[in-house]
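Worksheet for the structure shown next.
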Amino acid sequence: MLHYSFDLWLTLIKSNPYFKIERTKIFHREFNPAGKSIDEVAKAFRQVDLMCNAVNESTGKNIDADEMYLMVISLINDNELNLTGIDVKKLYADMDKLLFNYLPYVYSPVTIEVLQHLKEKGGATFSLLSNTGFIKGATLKQILVALKMDQYFDFQLYSDEVGMSKPNPALFALMLQNIQKVNHPTVIGLNDIIHIGDNPKADIEGAEAAGVKSLLINSNNKSILSLIS
C-alpha cells in the first residue's frame, strides 16, 4: 500500500473508563436539578452518544460536542430545563481538562509497533479519518501528541472540523484530495489506498463506496496485526 488511512476510536485508541465515570459524577452533581440517579445520568450519556452517532452516519453530517452535552443535560432533566443559562464554552473546557487527567489508551500493545513497522517499511503516507462525538477534533489532535502517535500521520480529518461524517462520500473524497496533496507530484491510485477501522458501516462501506480497499479490525476476529501478517 502507498497510503494507510485509519479510523481513530476503537481502531487506534479507546476511552479511559475513569473519564466517563468522573464525567458522569460531574453532570450528576452540577446539572441535575431533576435529581436523577447516577445510573440514569450514565444512561443519558449512552443514549445521546448512540443517537448522535446513528444520525451522523445516516445523514453524513455532524452533531457537535457542545450540542451533545446540552442534549445530555436536557435528557437528564426530562427536557424541561432552560438551557440558555449554561456556559457551554466553560463546560467543554472543564470536560477537556478532565479528559487530560484520564487520557484515552492506545488500543492494544501492538498498535504502535504496527504503525512503526509500516512507517519504516518506507514510502507510504498515513492519515486519520475520524467521526467525533463528545470530544472535538482539536482535542483529539492534542491527545495524539500526548500519546506520541501524532508523528505517524501526514494529515488528520475530523468530522466536526469539516462538517461531514463517515460514511459520507464527500468526506472520503476530501480524504482522497488530501492524499494526492501530501504525495504530490506522485499520483496515488485507488488500489494503493486502504482504510482501516472498526465500524462496518462508517469505515468499510464508506471506503468501498469511495473505491479504496478496506480492513475491518477489533470489532471482529482481526487486529491491526493483519496489516503486517
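The values are calculated or read from the model by the stated rules, or taken from the named source; none is laboratory data. All values derive from a computational prediction rather than experimental measurement. The protein model used for the area step is the full one, side chains on, heavy atoms only, and it has no ligands, DNA or RNA in it. Shrake-Rupley method; radii C 1.70, N 1.55, O 1.52, S 1.80 Å.
Specify the angular offset, from 0 to 90 degrees and rounded to the nearest 10, of the alpha carbon long axis of helix 111-121 from the longest principal axis of the alpha carbons in the chain.
Long axis of 111-121 versus the principal axis of the chain: about 30 degrees.
Normalised by the residues of the chain, what does the relative contact order come to in percent, with Cα pairs under 8 Å and at least six apart?
Answer for the chain is 29 percent.
Rank these by accessible area, largest first, 1.4 Å probe: 48, 187, 55.
Descending accessible area places them as 187, 55, 48.
What whole-number value in Å² describes the accessible area per residue of the range 109-229 for a 1.4 Å probe?
45 Å²
So what is the calculated 222 nm ellipticity per residue for the chain, using -39500 (n - 2.57) for each DSSP H run with n of 4 or more, over all residues, to the nearest 500 deg cm²/dmol?
-14500 deg cm²/dmol
Quantify, in whole percent, the carbon and sulfur part of the accessible surface of the chain (1.4 Å probe; protein heavy atoms only).
Reported share for carbon and sulfur atoms: 53 percent.
Determine the order of 203, 96 by accessible area, beginning with the largest, at a probe radius of 1.4 Å.
96, 203
Could you compute how much accessible surface residue 25 exposes when probed at 1.4 Å, giving the result in Å² to the nearest 10?
Here the residue's solvent-accessible area equals roughly 90 Å².
Taking the chain as a Gaussian network, where each spring joins two C-alpha atoms under 10 Å apart, which residue of 210, 54, 202 fluctuates the most?
Most flexible of the set in this elastic network: 54.
Please report the relative contact order for the range 39-166, taking Cα pairs under 8 Å with a sequence separation of at least 6, and give it as a percent rounded to a whole number.
Contact order relative to length: 34 percent.
Counting DSSP beta bridges in the chain, what percent are antiparallel, to the nearest 5?
Taking every DSSP beta bridge within the chain, about 10 percent pair in antiparallel fashion.
Which option, [x] 46; [y] 36; [z] 26, is the value of percent of Cα pairs over 27 Å apart that was calculated from these coordinates?
So the structure-derived entry is [y].
Gain in length, residue 49 to residue 186, computed as 0.36 nm per residue apart minus the alpha-carbon separation, to one decimal in nm?
Using 0.36 nm per residue and subtracting the Cα-Cα distance, I get 45.3 nm.
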